[in-house]
């Protein structure tokens, strides 16, 4: 670590399973955006990740070292060679920052911290896996997950609810820092919308069981029976894509649903601005970037009633019980029929994101956390 003109130059080794653009999901995008911001603000950043397929011609402002996985059970890549790289390289960095205790990559970062020197920070991207069966999680959480989190000097949580869930595993409150997720409010900003007879719904994410896309399709089909001037855009990809396409065909609504498997993140604002309502039907979440991005662009939100999302969406959208296709259909119809309510919720939500969830603010808090951890130095185990 160096100080440059009174500032800090921090050497950061990031460990993550997914990295944008080869995985288009919240965690991979977060890892890319945080690495980009940190490198562009005078820090040295290297990311160790799983090898992807959509990286040709994609330019980064930070270094990346990728490894081939030997298997990928339920989307969780295992790459033993990654551990050797972390062990060898961590001594050259001031901070080891891993993302999500639910991934083997973070388990390896924790192991490296246990036998190495560089202090470890882990960002919690949600306590529950969207891929892992519940019985596996019931075994994993009080054992490997707890051990992984205990290895870290600090655990970053997005919300008070997530912090409380981490503490229930026995992690001391003093080792948890609440830093809100954020978005680039310059890129994601509201623009005037043209009135249209068609109410356009948009969902963005990965086609995996925990995202509840099947519930969304059922809800949309129900809403169409009452209001045919609806259209649904699904932005994303994943192992359940074929299943969702079959469901759409079975319900005979193919002409009302569009699937776009990949949209670059810098083009997502245009997607949101061309839409009327953002919908999220996940069974569980941390604080998804898609909620913050769509709200920043002035979209009202319909989403699952999850504790960590109530303070964000409440008053700026509608909350619906988990798995309730009927509830989502009713919310869609209520917002679709009231343009003034959509505009009012969209405007208030955009103001909330602008004042409380800016990416720049979240990044500066993260750097300050690094400084605190570095100054405390490494603990003996």
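The values are calculated or read from the model by the stated rules, or taken from the named source; none is laboratory data. Keep in mind it's a predicted model, so treat the numbers as computed, not measured. Cβ placement follows ideal geometry from the backbone for every residue including glycine, while neighbour counts extend to all protein chains displayed.
If you check 105, 100, 118 for being at positive phi and touching a strand residue (DSSP E or B) at 6+ places or on another chain (Cβ under 9 Å), only one passes: 100.
I'd like to know if region 168-186 contains one or more residues that are in contact with a strand residue (DSSP E or B) (Cβ under 6 Å, 6 or more places away or on another chain) and under 30 Å from residue 336 (Cα atoms). Within region 168-186, one or more residues are in contact with a strand residue (DSSP E or B) (Cβ under 6 Å, 6 or more places away or on another chain) and under 30 Å from residue 336 (Cα atoms).
In region 190-201, the qualifying residues are those that are touching a helix residue (DSSP H, G or I) at 6+ places or on another chain (Cβ under 6 Å) and surrounded by 14 or more Cβ atoms within 10 Å (Cβ to Cβ), and the one that is modelled with the lowest pLDDT is 190. Among the residues of region 247-262, at least one is closer than 23 Å to residue 299 by Cα, crowded, with 20+ Cβ neighbours inside 10 Å and in the same structural domain as residue 306 (by TED's automatic domain parsing).
Table: residues versus (1) farther than 30 Å from residue 35 by Cβ; (2) in contact (Cβ under 8 Å) with a residue 24 or more places away in the chain; (3) crowded, with 22+ Cβ neighbours inside 10 Å.
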{"residue": "317", "(1), (2), (3)": "yes, yes, yes"}
{"residue": "321", "(1), (2), (3)": "yes, no, no"}
{"residue": "326", "(1), (2), (3)": "yes, yes, no"}
{"residue": "332", "(1), (2), (3)": "yes, yes, yes"}
{"residue": "337", "(1), (2), (3)": "yes, yes, no"}
{"residue": "363", "(1), (2), (3)": "no, yes, no"}
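Of the residues 116, 28, 42, which single one is free of Cβ contacts under 8 Å to residues at least 40 places away in the same chain and either surrounded by 21 or more Cβ atoms within 10 Å (Cβ to Cβ) or closer than 28 Å to residue 239 by Cβ (or both)?
Exactly one residue qualifies, and that residue is 28.
When residues in region 89-104 are screened for being closer than 12 Å to residue 152 by Cβ and without any contact (Cβ under 8 Å) to a residue 60 or more places away in the chain, 1 of them pass.
Residues that are more than 30 Å from residue 40 (Cα to Cα) and touching a helix residue (DSSP H, G or I) at 6+ places or on another chain (Cβ under 9 Å) within region 349-381 comprise just one, 381.
Kindly indicate whether any position in region 169-189 is over 30 Å from residue 369 (Cα atoms), touching a helix residue (DSSP H, G or I) at 6+ places or on another chain (Cβ under 8 Å) and not assigned by TED's automatic domain parsing to the domain that holds residue 236.
No.
Does residue 144 satisfy the condition of being assigned to a loop (DSSP other than H, G, I, E, B) and surrounded by fewer than 18 Cβ atoms within 10 Å (Cβ to Cβ)? Spelling it out, it is not the case that residue 144 is assigned to a loop (DSSP other than H, G, I, E, B) and surrounded by fewer than 18 Cβ atoms within 10 Å (Cβ to Cβ).
Within this structure, residue 177 passes the test of being surrounded by fewer than 20 Cβ atoms within 10 Å (Cβ to Cβ) and assigned to a strand (DSSP E or B). Counting only strands (runs of 3 or more DSSP E) that sit completely within region 55-139, those holding 1 or more residues that are at pLDDT 90 or above and closer than 21 Å to residue 369 by Cβ correspond to 95-99, 120-123. Among the conditions (1) over 19 Å from the mean Cα position of the chain (by Cα); (2) assigned by TED's automatic domain parsing to the domain that holds residue 305, the only one that residue 208 does not satisfy is (1).
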